[in-house]
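The values are calculated or read from the model by the stated rules, or taken from the named source; none is laboratory data. Note that this is a predicted model, so its numbers are computed, not measured. Cβ placement follows ideal geometry from the backbone for every residue including glycine, while neighbour counts extend to all protein chains displayed.
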2 protein chains.
Amino acid sequence: MTQKQEQLSKNQQIVLSIIEKAKGPLKAYSILYNVQKRGIKAPLQVYRALEKLIEIGKIHKIESKNAFIACKNSYCEISKATAFSICNNCEHVKEIKNSKLSKYLTNFEDNSGMKYKKYNLEFFGLCNKCK
Amino acid sequence: MTQKQEQLSKNQQIVLSIIEKAKGPLKAYSILYNVQKRGIKAPLQVYRALEKLIEIGKIHKIESKNAFIACKNSYCEISKATAFSICNNCEHVKEIKNSKLSKYLTNFEDNSGMKYKKYNLEFFGLCNKCK
DNA sequence: ATAACAAACGTTATATTATAACAAATTAAG
DNA sequence: CTTAATTTGTTATAATATAACGTTTGTTAT
C-alpha cells in the first residue's frame, strides 16, 4: 500500500503557489492573470484547481469576497472549521486561530439539538492599522 | 420632528414581499423573474432593493449561496450578528437564534485583543429530515 | 408652497464570477 | 500492461453583480 501522500497536480501547484505568495486573498480571475505565463489559459483550469485545493484544505474561500486565501495551519487537512477577520477599510483578511472559539463552534448545538459538521465564520471590523 | 419610520419604497416593498413569502432563500435573478409582472424589469432594480433591505436588517444574504432570506427577528433592525444553518442535502436554510451564541460571538476577542462590529456565521450539516 | 437636497427610479450596457460539455492526456492501482 | 480515475485543454455560456447616466419622487427647512 503506497502511502496516500497528497500529490498536487501541475495546475494545482501553480495556483497554490500564487495564493501562498499573496499577502491577502486573491480572486479567481486575478489568479488567472497571474498564471497565464505559466500556461494556464482558461478560468476553468483555475476553478478546478481551486476546488481541489479547498477540498484538501490547502486554501479557504472567503465567501463574502469571492476570494481565496492560503491556509497557514499546516495540520489543517480538511477545512471544516474556518474563521476569518476582515477589515472593512483596508480589506485585510486574517484567519483566526483560536482553539476556544473552534471548540465552542464545533461543539455548538442549536435549539433543536442539532450539531454541524462544518462552519464558516467571518468577522468584520477595523484592523489595528485602520482604527 | 417627524419620526423616522422606515418607509420602504415601492420596489423595496415588492422585493421584500417576495422574499418573505418564500420558504427558503431566493437568488437575485429568481426574485427578478418573480417581480417582472409587477413592473420591475432590470437586475439593478432588484439589487438596489436588496442592498437597502440588507442595510435596514429586513433580509440577510447567505454568502455561501448568493441568496437572500427574510429576517424573522422583528427586532433585528441592523444585521450585524447573523448565524445560519444550511443543509448540505436539501439546501434548507434556517436562521439560528441563540442568545448564548450571539453573546459569545459579539463579545469575542481575537488573540490580539481585537473585537468586531459584525459577523456572519454559516453552519453546514444535514437537517433533521435529511439525516 | 417652494427651493434645495437626498433617495429612489428606469434604462442600457458591461463587468465579474462560475460552470457545462466534450475529448484528449496523464496518473494510479491491480 | 490495462483499466479506471483524475486531470487537462478548450470553447462556449450561464449566473451574479455593478457602472454610468439622466429622471422622478420624497423630505426638510425656510
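Just a few scattered comments:
- Subset of the range A:95-107 [without any contact (Cβ under 8 Å) to a residue 24 or more places away in the chain and under 30 Å from A:C130 (Cβ atoms)]: A:N98, A:S99, A:K100, A:L101, A:S102, A:K103, A:Y104
- Selection status of A:G57, buried (at least 17 other Cβ atoms within 10 Å of the Cβ) and either within 9 Å of chain B (Cβ to nearest Cβ) or not in a strand (DSSP E or B) (or both): yes
Condition check ((1) surrounded by fewer than 13 Cβ atoms within 10 Å (Cβ to Cβ); (2) out of contact with any helix residue (DSSP H, G or I) (no Cβ under 8 Å at 6 or more places or on another chain); (3) at pLDDT 95 or above) across all residues:
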| residue | (1), (2), (3) |
| --- | --- |
| A:S79 | no, no, no |
| A:F84 | no, yes, yes |
| A:N89 | yes, yes, no |
| A:K97 | no, yes, no |
| A:S102 | no, yes, no |
| A:L105 | no, yes, yes |
| A:G113 | yes, yes, no |
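- Yes/no for B:L8 being more than 9 Å from DNA strand C (Cβ to nearest atom), under 18 Å from the mean Cα position of the chain (by Cα) and surrounded by 15 or more Cβ atoms within 10 Å (Cβ to Cβ): no
- B:A67 being at pLDDT 95 or above, within 9 Å of DNA strand D (Cβ to nearest atom) and under 20 Å from A:I62 (Cα atoms): yes
- The residue that is farthest from A:A67 (Cα to Cα), among those in the range A:27-46 that are within 9 Å of DNA strand D (Cβ to nearest atom) and loosely packed, with under 15 Cβ neighbours inside 10 Å, is A:G39.
- Annotation: of all residues in the range A:34-54 being part of a helix (DSSP H, G or I) and within 10 Å of DNA strand C (Cβ to nearest atom), the one that is farthest from A:Q7 (Cα to Cα) is A:P43.
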